[in-house]
Amino acid sequence: MASLSSLYYISFLALAIVALYVSPAVSTSRRALAHRDKLGNGFRVTLKHVDSGKNLTKWERIQRGIKRGNHRLQRLNAMVLASTSDSAEVGAPIVAGNGEFLMDLSIGTPPDSYSAIVDTGSDLIWTQCKPCTQCFSQSTPIFDPKKSSTFSKLSCSSDLCAALQQSACGDGCEYLYTYGDYSSTQGVMGTETFTFGKASVPNIGFGCGEDNEGDGFSQGAGLVGLGRGPLSLVSQLKEPKFSYCLTSIDENQKGTLLMGSIASVNKSLGAIKTTPLIHNPAQPSFYYLSLQGISVGGTRLPIKKSTFALEDDGTGGLIIDSGTTITYLEESAFDVVKKEFTSQMKLSVDNSGSTGLDLCFNLPSGSTQVDVPKLVFHFEGADLDLPGENYMIADSSSGLICLAMGSSSGMSIFGNVQQQNMLILHDLKKETVSFLQTECHKL
């Protein structure tokens, strides 16, 4: 019998999505922010899930996210393989693209408002621009740089142009990005004033996309890259740090993104867990973390420390990613986690494969509470004890409760379900990521 300290209790109501009564370790509000509402060299914006407002259940949102996440995992692995290949073939660079969250912003003077996908797995900031040789449908007017008094084309000799993986010097610095699923954006690089909430930031380098193909961006009118490379928004700010707080996937409340100086967290409010970032020369934009082990129900699993190690050729490792829904673990490690959950859950395994998740259990008939073992990720210097709702998802209408994780044959990914209701700070200067459990809808 597992001890109470190694279990969480999950309660549920008949014919309803499970309600998980697991109190976070720290209940915080706006006090979690060290510099609330100071603009300074930073700003705050709200984040909206791409499936919000669609009258979907939590279960349906998870399944849609898993489908997108599987495609994203394939693209991320393709990026790594392409960067480590010995092939002499030269082609357009493949980047992750897509994402699970949208932010509202404005571009130009006078400002034009639009929504863009937020992506911690890529760097380039871009939006569709006139004249458009090929553009996908968007809900807001396409940006016309000729109508903005602050737009200028980026010089071919600029540092940002040099940072592009593939560029040409024609009518200014020209770029091409492909996203591995036949989606792409092509156009000219420029600088412009971007407005985020009440903060206007001049001279942000971005791609003015005149030929944009594919349906991967139909949720927004472009993309804001938050990766570690020089083209990303966070790298272009004077203070290279940002934090985000994602609400539960079944809620319609919006999350928060904080950029620059206001991204710091209040150290007086509970346990802040901090772990160093790892640099991968083959994929310098990704946020790699050192995962050293996993515990289930108080049992440290027999997973070799090298399982999540970043290899010399740039393969392997684990990244933290806001654009992937569930966590994916290297296959051998996931098999150990799956075996341990199967042993400790004491419920029959569902083998129907109807959910899209690798491990599901049949809920006991008539029960209103289920014990689930605790799950701890042991990052270097930070033991992250996850709330039950961050890894177990139940649906009483189907009578199933599932582990929100899957297996990967390449890199591992710490997904956004595992990150929900945590304020997560990325500090590019200190090269660290910090976690503070909080109630994100109250920030």
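When you scan the range 324-337, how many residues do you find that are among the β-branched types (V, I, T) and outside any helix (DSSP H, G or I)? Summing the residues that are among the β-branched types (V, I, T) and outside any helix (DSSP H, G or I) in the range 324-337 gives 4.
In the range 177-190, which residues are in contact with a Lys or Arg (Cβ under 9 Å, 6 or more places away or on another chain) and either open to solvent by 20 Å² or more (accessible area, probe 1.4 Å) or not β-branched (V, I, T) (or both)?
Keep residues of the range 177-190 that are in contact with a Lys or Arg (Cβ under 9 Å, 6 or more places away or on another chain), which gives 179-181, 188-190.
Matches in the range 177-190: Y179, G180, D181, M189, G190.
Please determine whether any residue of the range 80-96 is in a strand (DSSP E or B), open to solvent by 40 Å² or more (accessible area, probe 1.4 Å), at pLDDT 85 or above and touching a strand residue (DSSP E or B) at 6+ places or on another chain (Cβ under 7 Å). No, there is no match, as no residue in the range 80-96 is in a strand (DSSP E or B), open to solvent by 40 Å² or more (accessible area, probe 1.4 Å), at pLDDT 85 or above and touching a strand residue (DSSP E or B) at 6+ places or on another chain (Cβ under 7 Å). Of the residues in the range 316-335, at least one is open to solvent by less than 30 Å² (accessible area, probe 1.4 Å), β-branched (V, I, T) and closer than 20 Å to E431 by Cβ. Can you find a residue that is over 25 Å from K429 (Cα atoms), open to solvent by less than 50 Å² (accessible area, probe 1.4 Å) and touching a Pro at 6+ places or on another chain (Cβ under 8 Å) anywhere in the range 204-214? The answer is yes, given that some residue of the range 204-214 is over 25 Å from K429 (Cα atoms), open to solvent by less than 50 Å² (accessible area, probe 1.4 Å) and touching a Pro at 6+ places or on another chain (Cβ under 8 Å).
Restricting E100, E60 to those that are more than 19 Å from V201 (Cβ to Cβ) and at pLDDT 85 or above reduces the list to E100.
Against the definition (in a loop (DSSP other than H, G, I, E, B), under 22 Å from R72 (Cα atoms) and open to solvent by less than 40 Å² (accessible area, probe 1.4 Å)), how does L124 come out, yes or no? So L124 fits the description; yes. Listed by position, the strands (runs of 3 or more DSSP E) enclosed by the range 338-418 that each have at least 1 residues that are in contact with a Gly (Cβ under 6 Å, 6 or more places away or on another chain), surrounded by 19 or more Cβ atoms within 10 Å (Cβ to Cβ) and at pLDDT 95 or above are 369-373, 375-379. If I filter the range 264-297 down to residues being more than 30 Å from Q165 (Cβ to Cβ), in a loop (DSSP other than H, G, I, E, B) and touching a residue at least 40 places away in the same chain (Cβ under 8 Å), which single residue comes out as farthest from the chain's Cα centre (by Cα)? Ranking the qualifying residues of the range 264-297, first place goes to G297. Annotation note: Cβ proximity below 7 Å between a residue of the range 146-162 that is free of Cβ contacts under 8 Å to residues at least 40 places away in the same chain and a residue that is open to solvent by less than 50 Å² (accessible area, probe 1.4 Å) and in a loop (DSSP other than H, G, I, E, B) (sequence gap 6+ or interchain) occurs for C161/L154. The set of residues in the range 333-357 being more than 17 Å from T307 (Cβ to Cβ) and in contact with a strand residue (DSSP E or B) (Cβ under 7 Å, 6 or more places away or on another chain) consists of F341, T342, Q344, M345, L347, S348, V349, D350, T355, L357. Within the range 419-433, the set of residues being open to solvent by 10 Å² or more (accessible area, probe 1.4 Å) and within 18 Å of D383 (Cβ to Cβ) comprises N421, L425, T432.
Working only within the range 143-176, note down all residues that are part of a loop (DSSP other than H, G, I, E, B) and open to solvent by 40 Å² or more (accessible area, probe 1.4 Å). Result: S149, T150, F151, S155, C156, S157, Q165, Q166, D171.
Picking from residues in the range 243-263 that are touching a helix residue (DSSP H, G or I) at 6+ places or on another chain (Cβ under 7 Å) and of a type in the set (V, I, T), the one that is surrounded by the most Cβ atoms within 10 Å (Cβ to Cβ) is I249.
Pairing each residue of the range 396-410 that is free of Cβ contacts under 8 Å to residues at least 40 places away in the same chain with any residue that is among the polar types (S, T, N, Q), provided the two are 6+ apart or on different chains, yields C-beta distances under 8 Å for G399/N362; G399/S365.
The values are calculated or read from the model by the stated rules, or taken from the named source; none is laboratory data. Worth saying up front: this structure is predicted, and the values here are computed from it rather than measured. Reconstructed Cβ throughout: ideal geometry from the backbone, glycine too, with neighbour counts over all protein chains shown. Each accessible area value is taken on the protein alone, full model and side chains, heavy atoms only, with ligands, DNA and RNA left out. Shrake-Rupley method; radii C 1.70, N 1.55, O 1.52, S 1.80 Å.
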